[in-house]
Every structure is written in C-alpha cells, then in structure tokens.
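The values are calculated or read from the model by the stated rules, or taken from the named source; none is laboratory data. These figures come from a predicted structure and were not determined experimentally. A quick note on method: Cβ atoms are made from the backbone with ideal geometry, for glycine too, and the neighbour counts reach across all protein chains shown. Surface areas here come from the heavy atoms of the whole protein model, side chains and all, with no ligands, DNA or RNA. Shrake-Rupley method; radii C 1.70, N 1.55, O 1.52, S 1.80 Å.
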Amino acid sequence: MMRCPFCNVEITDDAIFCPECGQRVKQPGGSDSWGQSAPDGAGSPGYYGNGDYVPGQAPLASPPTKKKAGKWIGIGAGLAAAAAAAVFAGVRLMAKEPKDVVIDAFKSVYSSEITYPAEEVFGWKALMKRGRTQNMEAEFSLALEQCSEEMASPFIGTGFSVVSQSDIQQKRMSAQLETRIANMDFVAMDLYLDQEELAIAVPKISRNVFTVYYGNDLEGQIADSPVAGELIRQTGIQTSAINDYMDYIWSMYDTQEERPFDLEALWTRYKEGSQAIHDLKEAITVEKTESASYTIDGKTVKCRGYHVVIPQQAMIDFADTTSQFFIEDQTLKDDAADFLSQMIAVSGGRGTGGMSAKELQREAWDTLEEYADMMVDAMEDSVEDITMTVYVDKKGRLAAFEAETSLDIDGEELEVTAEGQMRGGSYVSQNADWDITIRGDGGKVTISVSEEGEYNDKILTKRVAVKASGGGQKITFDWDGEYDRVSGDYSLECSWDGAAAGSLAADGTISDLKPGEAIDISVDEICLKLEDGTRVAFSGGYGLRPLEDEVAMPKGERFDVLAADLMDWQEAAEEAAGNMETIMNMLNGLLYGASFS
C-alpha cells in the first residue's frame, strides 16, 4: 500500500488516480506524478505526506483541498452528463424515421396529452366531468349596473340568478331561478325532479307546489284525473312516454353504463375502428432537407428540416373514409333514433309528418351523406397536393413550418400559403405566430395570428392578436387575459375593429379555487362598448362546487296536478290572477317612470 501525496489517504500500489481526491498519483507505466518511478519506501509514513523533500525533486506544493478537487470533479461530471444527454437526444431523433419525426413534432403542438396552463390552474375539464358524474351545485348571476341609454336608467339593478343542485347517486335535481327588477325582487321559480315526482313552485304567483307523481302508476292517475288527465289525452302524448323520457334524461348522468351521445366513446371507436388516420399517415411522404435556426424559449436553436408532401388523393380518401365512418356508426344511429323516439312520444307525434323515429333518423342520415359526397366531389375538383417544409428541434418539437397548395374555386385558381413559427413557453406553441395568404385574380387576402403567454407561480397571461386584410378592408381582433395566481384577480378583454368597432371587458376575483373540484368567480364588471358611444355594464358571478346540502323539495302546499278537480284549479287560478295583477302594476309603474326619465 502507498499514500496519496495530495490527501494522505492510503491507496493501492497500482493506483493511477487517488479514489478520494481524484488526483493522478502515477503516470502510465508506473512513474509517479512528478515523472519518475516511485522509489522504494514510497508510501511509508512521512515519505510524501509529511512535508519532507524527496531527494532530487522540488519541494511539494501545498496540495489542493479535497473540497476543491471534488468541485471540479462535479462540474466535469455535469458537463459530461449534459453532453451525453444531447448526444442521446440527437441519436434518438436521427434513429426515427423522418415521417415519425414530423408526425410526433405536430403532436407536440396539438396532442391531447398536453396540459395547458389554464387547465393546470383551473382544471376546467375535470370540473365539467365532475358536474356530470358527481354531486355538485352551481350558481350563476347577472345584473345590469350601468347603461348609456337614459331610458334604461330606471331598470338599473335588473337581473337574475340561478342556483342548481344535482345528487347523481340518488338521482335528484333542483334549481332556483330568481329575478329582480330595479333591485326589487320579482318572480322566483323552484324546480325539483327525482325518479318519482316532478315539482314546480312560483311563490309570488301561488302558495302551491304543483306536483306530478309520475313514478307511481302514472297511467292510472291520468285515467282517473278529473281535469289534467283529459288535457293530456287530447295532446296525444303516450302515458308511458313520460316515464321513458325521465329515464332517458337520467341516463345522461349514468356513470356506469354507456350514455347517449357519448362523444368520448365515439372518438375511441373512430380511432380503433377506422383506417382513415393510418392510411393518411402512410400516404404522406417525408424527406430530409436543409436545416435552419429558430428561436424557441428565448434561445436560437438549429432545427432539422423535412420536406413533406400530403397527396391530394390521400386527403380526399381521409375525408371520405372519416365521414363514412360516422355516418355508418351504428351506436350513433341508435342514439339518434332513441332521441327522436323520445321526442315523438312526449310531443304526441306533432311535426313529424307521421314518420317514425327510424324513418326520421334515416332521412337525416341520407341528408348528411349527400353533403359528405358533395364535399368529397368539391375536394376532387379543387384541392391539390399540400407541400410543406417542417423544422424540428433536438427535443422533437415543431419549431416552424411552411406550406403551400392550390385551390380551384369556380374556375379561379387560388394560391394558398401558410407559415407557422413556435416560440415556446410552457408548451411549444404558447408563444407562436401563424400566417395564411390567399392569392387570386381578385387580389390577396392575408390572415395573421400572434399568440403570447406567460405562466409561472405568480401569473398566467394569454394574448392573441388576429389581423385580416383583403379587398381594401382590414379587420383586427385582440384578446388579452391575465390572472394573478397570488391575489386571485383577473381581467379579460377582447376588442375588434373593422366595419363596427367595440370591446368587451370583464374583471373580478377568483376565490375558493380547487383545480378540478371547485371554483368561485365574482364578476365586478362586464362592460360592452361600441364605437357609437353605447356603453352597457353588468355584474355577476359563477360558482361550481361539491354539493353541501340535501336536494330538497320546494316549500309550499302540495298540489297534485293529476288528482286536482275543477274547484281546486279554479281556486289556484284566482290566487295566481290576483298576484299577477300586483306584479303587473309594479311593472307598469316602472315603465311609466322610464317614459318620463
């Protein structure tokens, strides 16, 4: 054994580098780190590490500390790892087929696997899904706050609010609608629905809660009903249709079985059962071309270039195969026929011309197929191959593209070019520029879109500017949104200019935010401004959260709609008429005041 001359740690006699500090202790061939063979006794106590001189050699300099040596080793290792990662990424990209590189690059822009900042912050998709599958309550309100028209001033404070609750497990739903006129309570309505009964209450009109017990021998109730039953029979509505329709409504919220018009399931069937996407990919040709440099995430990066051709026939076949799949999808046909059957039953067959649900469905599908064939024929006469140059960065993301094609519209040949450049951000197209130009005998039309966004732990912003010009006219549209993740304050504004200029802006605060679970949005002001000076402002709010209270029947006296006799209905009508007169007098007073304002 010997000792390292730098850190005095014991090392083996054949070691070239010290395993502790990393310094070279021997040159290849057995010489020590000063260029001569280690003499006998090297490594003995005090020989190198005690500060003595070695005969015939210069004195040892103060050895570097272990901490410093370790630092350089760490930096070297980090650089090596970064270089290895870059090489690996490049090798991986080069190993892919050019077509796969291009397809994956476009997926980096539009893939459903991308989690966008707004989705991560608010969880809109999960919120909407919870609203359909979990017990939730929601509210929405809107009221007039300001108006530039003087005649509207007496109606400041007019608005409405809606609160709804849904208990999916017990299949109960309720809603409360309240209206206000000039800050005074107006008509309110309460609705309730479960698997047994439907109830409606209008407290300012009647003390009654009008109820139909449709889940308990409805056919017998209608047959025995002294007043309402005869009216129902005159409509031609099938008695069983009411129960069937209520079951149909509840099936929309079924979390276990297949729901009618399940679009997610339809898309899955398309991807798994149609060759349209696969055949389109197979028909596309991709070849490598010259590279180019683009700026992504604030850095200039060299990007590989690919020449892409999408054949005309491939696009036509894709459109034809896709449309035929949806037209021939049996589940979609059955859903449509079932829906039409429900509508025919509850309407007594009015407006159908005596046609059955199946006949109506087939007629609608024949019309859809006719339009699909017309679209394919139009593509054959007008669309040409699309040629593109696509640029992909080392991470496999789309950096830019340039595309061109020709269209023949009513004998006029149009040259269409499109360009896009991704500037990166939280996702590659968060900041991006898009341009489309159409040239023809009648001149040139250009459309440009610029997107800018910022997302971090403090703020979320999104700005979109759209400009279109052609035929001597210009149209602009700007969208600007900002959300302060710390305070919860937000502001939104969209403005437009062209034939009629104006803007729509909103600001407020978001509170009680639990992404994908709950949100409360207060709207301090929604303001509409037009170039003629018109200004209208509203306030309101929106909230969605898990259900807290039990879904309950409206308060009031139960009024059995089917069991009530003529005297019951007359009494209810007299009460409603008296209350309506009071309400109308209030409205007339407001209108009278407005006419002299």
* Out of region 530-561, which residues are under 30 Å from Gln170 (Cα atoms), in a loop (DSSP other than H, G, I, E, B) and of a type in the set (Ser, Thr, Tyr)? -> none
* **Residue satisfying condition, being exposed (fewer than 15 other Cβ atoms within 10 Å of the Cβ), farther than 17 Å from Asp433 by Cβ and out of contact with any helix residue (DSSP H, G or I) (no Cβ under 8 Å at 6 or more places or on another chain), within set Gly508, Gly471, Gly481** => Gly471
* Asked: Can you tell me how many residues in region 138-174 are open to solvent by less than 30 Å² (accessible area, probe 1.4 Å) and over 29 Å from Leu528 (Cα atoms)?
  -> 4
* If the Cβ limit is 7 Å and pairs must be 6+ apart or interchain, which residue in region 154-170 that is at pLDDT 90 or above pairs with which residue that is assigned to a loop (DSSP other than H, G, I, E, B) and open to solvent by 50 Å² or more (accessible area, probe 1.4 Å)? -> Gly157/Asn183
* Structure fact -> Scanning region 332-361 for residues that are in contact with a helix residue (DSSP H, G or I) (Cβ under 7 Å, 6 or more places away or on another chain) and not aliphatic (A, V, I, L, M) gives Lys333, Ser341, Gln342, Gly348, Thr352, Lys358, Gln361
* Asked: In this structure, is Gln342 open to solvent by 50 Å² or more (accessible area, probe 1.4 Å) and modelled with pLDDT under 95?
  -> no
* Asked: Given (1) open to solvent by 30 Å² or more (accessible area, probe 1.4 Å); (2) modelled with pLDDT under 90, where does Gln324 come up short, assuming only one miss?
  -> (2)
* What are the residue pairs meeting all of these: first residue in region 255-269, first residue closer than 13 Å to Phe326 by Cα, second residue at pLDDT 90 or above and among the basic types (Lys, Arg), Cβ atoms under 8 Å, and 6 or more apart or on different chains? -> none
* Asked: Quick one: which strands (runs of 3 or more DSSP E) sit completely within region 449-523 and have at least 3 residues that are within 26 Å of Met422 (Cα to Cα)?
  -> 459-470, 473-484, 489-497
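Does Gly443 fit the bill of being open to solvent by 50 Å² or more (accessible area, probe 1.4 Å) and over 31 Å from the mean Cα position of the chain (by Cα)?
no
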* Among the numbered conditions (1) open to solvent by less than 50 Å² (accessible area, probe 1.4 Å); (2) without any contact (Cβ under 8 Å) to a residue 60 or more places away in the chain; (3) over 28 Å from Tyr427 (Cβ atoms); (4) not hydrophobic (A, V, I, L, M, F, W, C), tell me where Asn216 comes up short. => (1)
* **Residue list for region 119-130, filter: within 22 Å of Asp167 (Cα to Cα), open to solvent by less than 30 Å² (accessible area, probe 1.4 Å) and in a helix (DSSP H, G or I)** => Leu127
* Asked: Do we find a residue being over 32 Å from the mean Cα position of the chain (by Cα), open to solvent by 40 Å² or more (accessible area, probe 1.4 Å) and more than 30 Å from Ser108 (Cβ to Cβ) anywhere in region 380-397?
  -> yes
* Just name the residue that is modelled with the highest pLDDT out of those in region 257-272 that are open to solvent by less than 80 Å² (accessible area, probe 1.4 Å) and either touching a His at 6+ places or on another chain (Cβ under 7 Å) or part of a loop (DSSP other than H, G, I, E, B) (or both). => Asp262
* To do: Would you be able to say whether some residue in region 312-319 is open to solvent by 40 Å² or more (accessible area, probe 1.4 Å), assigned to a helix (DSSP H, G or I), hydrophobic (A, V, I, L, M, F, W, C) and in contact with a Leu (Cβ under 6 Å, 6 or more places away or on another chain)?
  => yes
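Considering only strands (runs of 3 or more DSSP E) fully contained in region 145-203, which possess at least 3 residues that are more than 28 Å from Ser240 (Cα to Cα)?
It comes to 159-167, 172-181, 184-193.
Here's the yes/no breakdown for (1) over 24 Å from Met422 (Cβ atoms); (2) of a type outside the set (Gly, Ala, Ser); (3) within 30 Å of the chain's Cα centre (by Cα):
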| site | (1), (2), (3) |
| --- | --- |
| Thr300 | no, yes, no |
| Gly305 | no, no, no |
| Val308 | no, yes, yes |
| Gln312 | yes, yes, no |
| Ile316 | yes, yes, yes |
| Phe325 | yes, yes, yes |
| Gln330 | yes, yes, yes |
| Lys333 | yes, yes, yes |
| Phe339 | yes, yes, yes |
* Structure fact -> Out of (1) of a type outside the set (Gly, Ala, Ser); (2) touching a residue at least 40 places away in the same chain (Cβ under 8 Å); (3) out of contact with any Cys (no Cβ under 8 Å at 6 or more places or on another chain), the one Lys333 does not meet is (2)
* For region 219-234, which residues satisfy the criterion of being in contact with a helix residue (DSSP H, G or I) (Cβ under 6 Å, 6 or more places away or on another chain) and open to solvent by less than 30 Å² (accessible area, probe 1.4 Å)? -> Ile222, Gly229
* Any idea which of Glu525, Glu493, Glu550 is among the charged types (D, E, K, R) and modelled with pLDDT under 95? -> Glu550
* Residue among Leu177, Leu193 that alone is surrounded by 17 or more Cβ atoms within 10 Å (Cβ to Cβ) and without any contact (Cβ under 8 Å) to a residue 60 or more places away in the chain -> Leu193
* Which is crowded, with 16+ Cβ neighbours inside 10 Å, within 34 Å of the chain's Cα centre (by Cα) and within 25 Å of Met315 (Cα to Cα), of Ala418, Ala432? -> Ala418
* For region 448-460, what are the residues that are surrounded by 15 or more Cβ atoms within 10 Å (Cβ to Cβ) and of a type outside the set (A, V, I, L, M, F, W, C)? -> Ser448, Ser450, Glu451, Glu452, Gly453, Glu454, Tyr455
